[in-house]
Structure formats: structure tokens, C-alpha cells
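I have placed the structure first, in the form of C-alpha cells, so that the comments after it can refer back to it.
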Amino acid sequence: MLAAAGTAGVAAGVTGWVTGIGTSTDRSEAAASGDPLTDPEQVSSRDGVLALTLTAAPGVSLAGRSTSALGFNGSSPGPTLRLRPGEVLRVRLVNELDQPTNLHTHGLHVSPEGNGDNPFLSIEPGQTFDYEIRLPEDHPPGTFWYHPHRHGYVADQVFGGLAGAIVVRGGPDLGTAADRPLLISDISLDGSGNVVSPGPPGRMMGRQGDLVLVNGQHRPVVSARAGTSQRWRLINTCTSRVLSLRLEGHRLAQLSSDGMFLPAPVERDRLVLAPGGRADVLVRPQDPGDYRLLTDPFDRGHPGMGGMGGMGPGTATATGPITVARLAVSGQSSAAAPLPGPLPTPPNSLRPGPVDNRRQIAFTMGMGMRGPGMNFGFDGRQFDPQRTDQRPALGATEEWLVTNSTPMDHPFHLHVWPFQVVETSTGSTTPDTLRDVVLVPAGGWVRLRVRFADFPGRSVYHCHILDHEDLGMMATVHVKP
Ligand code: C2O
Ligand code: CU
Ligand code: CU
């Protein structure tokens with residue numbers, strides 16, 4: 001048996017309490033918490049290997065309650081996996097769910113074949129599967145995450161609580177007082193702690209939970225001393241919710257996006273994270289006080305079926321800011337901790353080219369050909385794991401124009417090979433760095449460049465509104481030597 005190796009850190013023990021669930025119109029307001037933020041358990045590599053068993057099963061504590069939500073090894077989020085470039089991740093996945101599942105290492109530049117980061121695998125209930133994921137020696141250090149990817153069940157399982165952070169170690173010592181993952185998720189629970197799943201309209205919209213949680217806690221408190229800095233590894237693990245984050249009284253110094261360092265820190269009043277997206281930020285409090293980390297409502301459009309009223313359970317649409325967490329700053333007012341200068345050289349920019357091949361790829365939604373409901377897909381086709389949609393050559397640099405003529409925003413995500421956004425319909429500029437999720441606005445487009453380097457094999461690109469992915473908004477890419 002494989003055992004958890006080198007366990008360190010604090011297990012996520014949640015001790016909050018809840019009042020008025022089910023009686024308040026704003027469940028998010030009612031489920032009080034205010035406990036100190038806890039980090040998920042950490043599991044670190046040893047002698048070049050990170051070996052552990054991850055058991056997916058229902059029945060975890062969330063927001064201080066016993067729930068039917070799903071966890072890995074009894075907790076949601078699951079353990080944080082910490083390893084270095086060049087090391088091997090060996091996960092024995094044990095499926096104790098009543099439906100098939102599998103495991104995806106979102107954002108890692110690793111092989112999609114065999115028992116690697118292979119989204120086509122299906123691990124049936126009661127089965128066990130051994131993954132082996134080898135990081136290249138030059139893998140960028142940064143923040144990544146893992147979650148199930150079994151088509152048809154992804155939204156339910158991630159909404160249910162199955163997610164965890166992956167930290168690829170390395171990079172500069174930022175001299176921070178703390179370095180912690182903040183996995184921001186949302187979920188809907190009924191009065192008995194059962195996860196509430198949406199009906200077809202909610203899935204078409206993309207479900208949003210009533211409760212927004214950080215590391216499985218409702219509105220936890222992060223403590224900090226004025227004059228110090230903390231590195232927050234923000235991960236949007238929500239099924240569909242776009243986070244539009246701001247921290248009262250502070251600017252966030254963004255260090256990286258989707259696990260890749262920016263050329264230098266960028267100070268932001270607001271940070272928008274699409275589902276699946278990440279950002280590492282430095283928080284540098286100066287004055288004692290209590291500050292809320294808020295997410296503001298974000299209009300990502302609507303499937304466009306007028307007159308349906310609400311979208312049903314599990315599709316909370318906030319009309320105002322939601323408190324995600326609080327920052328409690330102690331000590332004396334002081335100067336802000338310094339910002340680091342240039343960050344480790346990001347991978348070479350793909351902007352100057354050359355480009356070996358160009359493709360155009362369209363998010364499409366139409367009335368279903370196969371029964372009721374909408375046909376979510378790319379280029380008018382729903383996902384078919386047997387069909388190969390794109391065949392780039394290994395090592396080629398391609399330019400993809402990803403268009404979206406639908407009335408909703410869709411976050412575009414490609415596995416294994418990170419991309420660079422070179423132009424968008426909104427004219428928004430992005431720093432020269434690679435990423436793996438980009439929000440393509442309704443009626444807009446994004447032009448990106450991808451180098452299909454290092455790993456041949458078959459994988460997928462999809463909408464990271466996971467309900468849309470399950471509805472068929474996913475396609476395959478086969479990189480051939
Ligand atoms: Cu985070 Cu294909 O997914
Ligand atoms: Cu992914
Ligand atoms: Cu979508």
C-alpha cells in the first residue's frame with residue numbers, strides 16, 4: 001500500500017456553527033463562521049516522489065456542519081500536494097463514490113497518456129487506480145490544482161467538494177510571513193446538510209452555490225501583522241462562479257496567474273478569476289483593522305431562454321458583494337512590506353512568433369438535436385471522446401482564435417499545454433505570460449498561442465463552467481510526433 005508521505009501542517013478542523021439555514025432568504029449571511037482560516041493537510045514529496053492515496057467519498061464537514069458533501073481522505077478540500085520540478089506524483093485513487101470518477105491535475109505540464117493526466121479514464125465505483133504523473137525538470141513553480149474529470153459527473157463532483165491544491169515548489173523566497181492556498185468554492189446545502197443539485201435550467205446557466213467557502217470554511221479569518229506580507233495562492237474551484245475579488249483597504253500585488261509568474265508584480269484593486277483560474281497575490285497590510293475579502297456580482301450572461309423566471313435551486317445569483325473571508329490585522333501601523341522586483345523569468349513569450357498553424361474554434365450553443373435542452377459544444381458539435389477534433393504537431397506553435405457568439409461568457413481551458421493570450425475582443429491587455437484559463441466574453445473572442453511542446457498524446461479543451469463541460473462543451477486534441 002502507498003501511504004501518505006511526509007505529512008506536515010494542520011488538518012482542516014472546522015468548528016464553526018450555523019444558525020437559521022433554510023429560514024433566511026440569504027443563506028450566505030445566515031451561516032455564521034469567523035473561525036481562523038485553516039490550511040488543508042499538506043503532503044510533501046520525499047526522495048523525489050510524492051506518493052499518497054486519495055479516497056473520494058461522501059460525508060465531510062463543511063462550513064462547520066456535517067454534510068453529504070464529497071471529500072478526499074475525509075476532507076474538502078483534499079490535501080495540498082507539494083512537490084518539485086522533476087519529481088513524480090503517484091496517486092492511488094480509491095473511488096468510494098456511487099458514480100465513476102477520475103483525477104485531473106489542472107495546469108500541470110505533464111503527459112496526458114496512460115496513467116498520467118488522462119481525462120479519458122473512468123474509475124468505477126469501488127475501484128482503485130494508480131496514477132503516475134512525472135513533472136519535467138523545467139516545470140514552472142507555482143499553484144495548480146486537482147479535481148475529478150469524468151465527463152458527465154465533473155460539475156456534481158467538484159461542486160460536491162472534490163478539489164485540492166498542488167504546489168510546485170521553487171521560485172524566489174518572497175520573505176512572506178505566511179504562504180497559504182485559498183481554495184474558493186461554492187456549494188448549496190439543504191437544512192440536513194445534503195448537497196442541493198440544480199435541475200436542467202441551472203445546469204445550462206452553470207450552477208452557483210448559496211455558500212462561498214474558503215478551504216471548506218465559511219468566512220474564515222486570516223490574521224496578519226501590519227508591516228508583514230502573506231502569499232495567498234487563490235484558486236477558483238467554483239463550478240461556474242466567476243470571482244471578482246477585492247480586499248477592503250488594500251491592493252493585491254499579483255505575482256502569478258494560473259501558476260505562472262508574471263514578469264513583475266502587478267498591483268490590482270480587483271482580481272477577476274474565472275472558474276479554474278488561479279492567482280498568487282501578496283497581501284501587505286499596513287494598518288490594524290478588520291478588512292473583508294469580497295467577491296462582487298459578475299454578469300456572465302444567460303442561456304437566453306426568456307420567461308423562465310429563476311434558474312431553480314443551486315443557482316444563487318447574488319445582487320451584492322459576498323464576504324469570502326476577513327483579514328484581521330494586528331500591530332502598529334507600519335510601512336507596507338516591500339514588493340519583490342523582477343520575478344523568475346517567465347517562459348519565452350510566444351508573441352513574436354513564428355506561428356506554424358492557425359485554427360478557429362467556436363463556442364456554440366443551439367437547441368438540441370438530441371432531445372430537449374441545449375446543445376453545448378464547440379463548432380456545433382458536442383463532446384465525443386472517440387472523435388479527434390484538432391491534430392497539432394508535436395513542437396508546433398499554433399494560434400487559436402477562440403470565438404464566442406453565444407449570449408454567455410465561457411472560460412476556455414486547455415489541458416497540458418499552457419497558452420498565451422495575444423489579443424482579445426475587449427482590447428484588454430494581459431502580461432506576457434502563459435496561462436490555462438481565459439474567459440471568452442459573450443459575443444467576443446480571444447486570440448491565443450500555444451506551443452504543443454514536450455508531450456504527445458490526446459487530451460481535451462473545454463468550457464470550465466463545469467456544467468457546460470458535462471453538457472458537451474468539450475473537444476479533443478491529439479498531439480502527434
Ligand atoms: Cu480544471 Cu479539464 O479542467
Ligand atoms: Cu484542466
Ligand atoms: Cu460555458
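A simple spin-label model places pseudo-atoms 7 Å from Cα toward Cβ; at V88 and S122 they are separated by 2.9 nm. Ellipticity at 222 nm from helices only: DSSP H runs of n ≥ 4 in the chain, each -39500 (n - 2.57), divided by the residue count, give -1000 deg cm²/dmol.
Residue ranges 345-356, 175-186, 114-125 sort as 175-186, 114-125, 345-356 when ordered by packing (mean number of other C-beta atoms within 10 Å per residue, highest first).
Available extension along the chain between D296 and D190 is 35.8 nm, counting 0.36 nm per residue and deducting the alpha carbon span. Remark: the chain carries a charge dipole of roughly 400 debye about the Cα centre, counting +1 on each Lys and Arg Cβ and -1 on each Asp and Glu Cβ. Sorting 73-84, 382-393 by average packing, meaning the other beta carbons within 10 Å per residue, from highest down gives 73-84, 382-393. The charge dipole of the range 357-479, taken about its Cα centre with unit charges on the Cβ of Lys, Arg, Asp and Glu (plus for the first two, minus for the last two), comes to roughly 320 debye.
Give me the compactness ratio for the chain, meaning the Cα radius of gyration over 2.2 N^0.38 Å.
Normalised Rg, Cα atoms only: 0.91.
Extension gain, D130 to D379: 0.36 nm times the residue separation minus the Cα-Cα distance gives 86.2 nm. Placing R0 at 56 angstrom, the Cβ-Cβ distance between S330 and E113 gives a FRET efficiency of 0.65 after rounding to 0.05.
Every read-out reported here was derived from the displayed coordinates using simple, explicitly stated rules and does not represent laboratory data. As the structure is a prediction and not an experimental result, all values here were calculated from the model. For neighbour counting, all protein chains shown are included, and Cβ atoms are generated from backbone atoms with ideal geometry for every residue, glycine included.
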